[in-house]
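Report on one structure; see the data block that follows.
The values are calculated or read from the model by the stated rules, or taken from the named source; none is laboratory data. Quantities reported herein were computed from a predicted structural model and do not represent experimental measurements. Cβ: placed from backbone, ideal geometry, glycine included. Neighbour counts: every protein chain shown. Heavy atoms of the whole protein, side chains included, go into the accessibility calculation; ligands, DNA and RNA do not. Shrake-Rupley method; radii C 1.70, N 1.55, O 1.52, S 1.80 Å.
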Amino acid sequence: MKEQSKLADSFDCLHLTDEEKSVLATITLGYRQAMNPEVKRNFSTAGVAHILAVSGFHVAIVCGFLSIALGFLPKNRTGRWTKYILVVVLLWSFVCVTGMAASTVRAGCMLSFYLTGKVLRRTTDSYNTLAAAAFCMLVYDPFYLFDIGFQLSYIAVFFILYLQPSLRNFIYVRNPLLSIPWNWITITIAAQVGTALLCLFYFGRSSSVFLFTNLPLTFIATMLIPMAFLWLMLPQWFPGLDWLQRGVEILTQWMVKIVDAFSHIPGAMFIIQLDFVSLIICYAILLSSLLYLRLHRPVWLLLSLSLLLIIMFAAVIKRYYIS
């Protein structure tokens with residue numbers, strides 16, 4: 001926490017409002033103490049609250065930036081192992097500095113397993129990597145299982161692995177300039193499909209504009225996070241530091257403006273409170289529907305429709321008794 005506070009103080013020299021500085025400190029360092037509750041609500045309404053919480057998305061950006069920055073190392077065995085050790089050490093340093101939230105630890109574990117397999121020239125399986133990361137975390141602390149960040153992080157990654165390839169191939173895009181944003185859109189949809197029900201259970205609300213905000217804000221955050229860390233690490237005399245600082249300021253301002261604009265759209269947030277039984281039934285409907293679409297076996301469709309009928313009857317009975 002002290003390290004976060006000291007680093008966050010470095011943002012005071014930026015030409016930003018207090019609100020914008022708090023957003024920048026939160027998405028880069030996980031320092032939430034200066035965050036205005038209204039700003040949190042705006043990000044939640046816009047469907048991009050995950051950008052505020054330092055998560056696997058941030059860890060992946062840092063890992064990608066480190067891999068690119070260390071790309072000058074030779075491709076021989078020594079260079080490969082040197083790059084591996086440096087990336088893993090710096091990656092976990094970032095996880096520690098940002099508070100070791102469940103989602104960042106999960107991403108750190110998964111990326112460490114992936115990088116280890118890569119340096120050993122082994123083929124990695126995404127589902128096995130996800131399961132191994134969960135196993136290690138639960139062995140270390142079984143109460144991670146009841147952590148909201150742990151649950152949201154793992155279910156989001158699982159649905160991205162399971163659903164995103166099918167969504168991406170639904171419309172085959174050859175143009176690389178279009179395929180990258182299309183991949184981001186399908187990842188966003190897959191993650192939202194997986195986490196929406198859990199959000200309704202814990203928070204009783206979900207965003208209806210997430211699809212329009214995630215693409216521009218993901219693009220901005222992908223550039224802003226490494227730029228902000230570079231600005232923090234480089235000495236004051238470094239050539240071009242003023243331009244880098246200006247880039248950080250512009251990206252932060254645009255991020256806040258986009259969130260403010262979309263969060264004030266009427267109907268941007270819908271409110272539905274799920275109880276635990278409804279949550280389990282809804283996930284059973286979702287999973288059985290996905291299995292039917294993949295396997296084309298009528299039994300999964302029958303199960304899905306039967307569960308849907310049960311939850312509809314339960315809702316009608318509940319409303320009748322309440323009225």
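Yes/no per residue for (1) under 23 Å from GLN192 (Cβ atoms); (2) open to solvent by less than 50 Å² (accessible area, probe 1.4 Å); (3) free of Cβ contacts under 8 Å to residues at least 60 places away in the same chain; (4) of a type in the set (A, V, I, L, M, F, W, C):
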| residue | (1), (2), (3), (4) |
| --- | --- |
| LEU244 | no, yes, yes, yes |
| GLY247 | no, yes, yes, no |
| ILE250 | no, no, yes, yes |
| VAL259 | yes, yes, no, yes |
| SER263 | yes, yes, no, no |
| ILE281 | yes, yes, yes, yes |
| LEU295 | no, no, yes, yes |
| TRP300 | yes, no, yes, yes |
| LEU308 | yes, no, yes, yes |
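Within region 56-105, if we keep just the residues that are surrounded by 18 or more Cβ atoms within 10 Å (Cβ to Cβ) and among the small types (Gly, Ala, Ser), the residue that is farthest from ALA156 (Cα to Cα) turns out to be ALA101.
ILE51 meets all of the listed conditions (1) modelled with pLDDT of 80 or more; (2) part of a helix (DSSP H, G or I) but one, namely (1). For residues that are within 17 Å of PHE57 (Cβ to Cβ) and in contact with a Ser or Thr (Cβ under 7 Å, 6 or more places away or on another chain), scanning just region 126-183, find the one that is surrounded by the most Cβ atoms within 10 Å (Cβ to Cβ). The extreme case among them is SER153.
Identify the residue in region 11-31 that is in a helix (DSSP H, G or I) and among the hydrophobic types (A, V, I, L, M, F, W, C) and, among all such residues, is farthest from the chain's Cα centre (by Cα).
Of region 11-31, the ones in a helix (DSSP H, G or I) are 11-13, 18-29.
Right, trim to among the hydrophobic types (A, V, I, L, M, F, W, C) and you get 11, 13, 23-25, 27, 29.
On the way: PHE11: 24, CYS13: 29, VAL23: 16, LEU24: 16, ALA25: 17, ILE27: 11, LEU29: 15 Å.
Filtering first and then ranking leaves CYS13.
How many residues are closer than 21 Å to LEU90 by Cβ and open to solvent by 50 Å² or more (accessible area, probe 1.4 Å) when one looks only at region 106-125? Talk me through it step by step, then tell me what you get.
Of all residues in region 106-125, those closer than 21 Å to LEU90 by Cβ come to 106-120, 124.
When the remaining residues are screened for being open to solvent by 50 Å² or more (accessible area, probe 1.4 Å), the result is 113-114, 118, 120, 124.
The number of residues fulfilling the criteria is 5.
Would you check if LEU130 is outside any loop (DSSP other than H, G, I, E, B) and over 19 Å from TYR154 (Cβ atoms)? No.
Within region 304-323, is there a residue that is of a type in the set (A, V, I, L, M, F, W, C) and in contact with a Ser or Thr (Cβ under 6 Å, 6 or more places away or on another chain)? Scanning region 304-323, I find no residue that is of a type in the set (A, V, I, L, M, F, W, C) and in contact with a Ser or Thr (Cβ under 6 Å, 6 or more places away or on another chain), so the answer is no. Applying the criterion of being open to solvent by 60 Å² or more (accessible area, probe 1.4 Å) and within 21 Å of THR26 (Cβ to Cβ) to the residues of region 212-242, the residue that is farthest from the chain's Cα centre (by Cα) is MET233.
Every test in (1) in contact with a Phe, Trp or Tyr (Cβ under 7 Å, 6 or more places away or on another chain); (2) open to solvent by 20 Å² or more (accessible area, probe 1.4 Å) is passed by LEU52 save one, and that test is (2).
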